[in-house]
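The next block holds one structure in the form of structure tokens; read it before the comments.
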Amino acid sequence: MTLSAARPVRRALTTEAGTALPAFVDHHVHLHLIDPAALAARGIAGVVDLGGDPVALARRPAGLPRVAYAGAFLTAPGGYPQGRSWAPDAIVRTVTDASRHPGVDDGAQTAVDAQADAGATVIKVALHADAGPVMSDEVLGAIVAAAGDRGLSVVAHAQGSGQVDRAIAFGVAALAHTPFDAPVSRRTLSRAVAAGQVWISTLDIHRGAARARAIANLRAFAARGGRVLYGTDLGNGPLPVGVNRRELIALHDAGVRGDALVAALTDPWPHVAPDAAVSTFVPGPAPIDPDEVPGWLSRGTVVVTEELTHVD
Ligand SMILES: [Zn+2]
């Protein structure tokens with residue numbers, strides 16, 4: 001198996017021989033539910049927080065992992081995830097008014113501005129029709145437009161009948177989870193791919209039938225050329241803090257293999273350019289057998305790029 005992004009290197013500090021890859025990003029985490037201190041040693045250089053307190057996130061000190069964030073979930077009153085034990089009031093903001101004027105209580109523009117002013121680089125909306133009320137089309141459209149005016153794209157938790165189609169129709173750029181509650185139709189898959197929508201994997205939060213549906217949906221999306229991002233929903237249940245080998249194996253099972261698997265791990269989304277100051281170091285050469293690539297990638301650790309010397 002040759003991985004086109006892989007470079008044989010030696011670590012200056014330890015003289016250990018191995019392979020360099022671009023920095024790995026977990027594109028779906030909740031920092032308030034985990035201790036992120038161990039992430040870098042276990043291969044994760046960057047995270048995207050998709051639902052947290054925008055004030056606390058803005059105050060985070062610099063360092064590893066690099067953090068991009070959405071700030072609060074924007075949702076309808078009584079809608080997901082309001083009232084969940086893991087979702088304190090500070091991480092949920094209700095929007096009832098499609099107003100594009102700033103300073104309107106519960107207005108779309110006001111809610112987006114509050115996240116953007118706190119440093120958010122993406123906006124999260126909850127479209128979970130199986131867990132309470134969802135926002136109207138007018139409010140969703142106004143949020144996407146307001147985010148666009150601030151240079152931000154929108155990521156949705158889309159669950160329940162018709163919500164994936166609604167996200168696509170209103171220009172939602174990313175799904176926070178591979179759809180798992182029902183098979184996604186071919187027509188919807190084609191529309192998602194044509195729109196350039198990105199899907200964040202989060203396969204390993206599921207077991208049984210939901211996991212099988214998510215893997216089948218992601219396989220179909222990837223086979224049509226859809227852009228897939230590695231993401232775990234870290235903080236949701238007992239997941240390993242670091243690169244999640246089971247998530248990588250599930251992606252591999254979904255046909256996201258080799259270079260595509262590396263691309264899902266190293267995609268800079270929602271940023272445009274990757275962070276070149278740090279790299280992933282994996283001991284030893286990339287395996288010949290493609291089935292061994294997920295396990296091998298899971299042994300990566302984050303190093304300062306300057307610490308690596310190329311070898312031939
Ligand atoms: Zn989440």
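None of the figures in this text is laboratory data; all of them are computed from the coordinates on show. All figures in this text were calculated on a predicted structure; none of them were measured in a lab. Glycine gets a Cβ as well: all are built from the backbone with ideal geometry, and neighbour counts include every protein chain shown.
I need Leu218, Leu152 ordered by Cβ neighbour count within 10 Å, fewest first.
By the 10 Å Cβ count, ascending: Leu152, Leu218.
Each pair of Cα atoms in the chain enters the Kirkwood radius, and Stokes-Einstein at 20 °C and 1.002 mPa s then converts it into a translational diffusion coefficient of 109 µm²/s.
A cut-off of 5 Å between modelled amide H atoms, ignoring neighbours fewer than 5 places along the same chain, links Val278 with Thr305. Annotation: extensible slack from Ala195 through Asp137 equals 19.1 nm (criterion: 0.36 nm per residue apart, minus Cα-Cα distance). Each Lys and Arg adds +1 at its Cβ and each Asp and Glu adds -1 at its Cβ; summed about the Cα centre, the chain shows a dipole of about 580 debye.
Farthest toward the positive end of the dipole of region 7-310, out of His252, Thr121, Ala23, is the Cα of His252, where the dipole comes from beta carbon charges about the Cα centre.
Separation of region 10-40 and region 101-171 by C-alpha centroid, Å? So the separation of the two Cα centres works out to 31 Å. Once the C-beta distance of Ala210 and Ala276 is scaled by a Förster radius of 35 Å, the resulting FRET efficiency is 0.40 to the nearest 0.05. Computed on region 129-228, with alpha-carbon pairs under 8 angstrom and 6+ residues apart, the relative contact order is 25 percent. Between the beta carbons of Asp291 and Ser85, assuming R0 = 45 Å, the FRET efficiency works out to 0.70 to the nearest 0.05.
When only Cα pairs under 8 Å and 6 or more residues apart are kept, what is the percent relative contact order across the chain?
It comes to 25 percent, rounded to a whole number.
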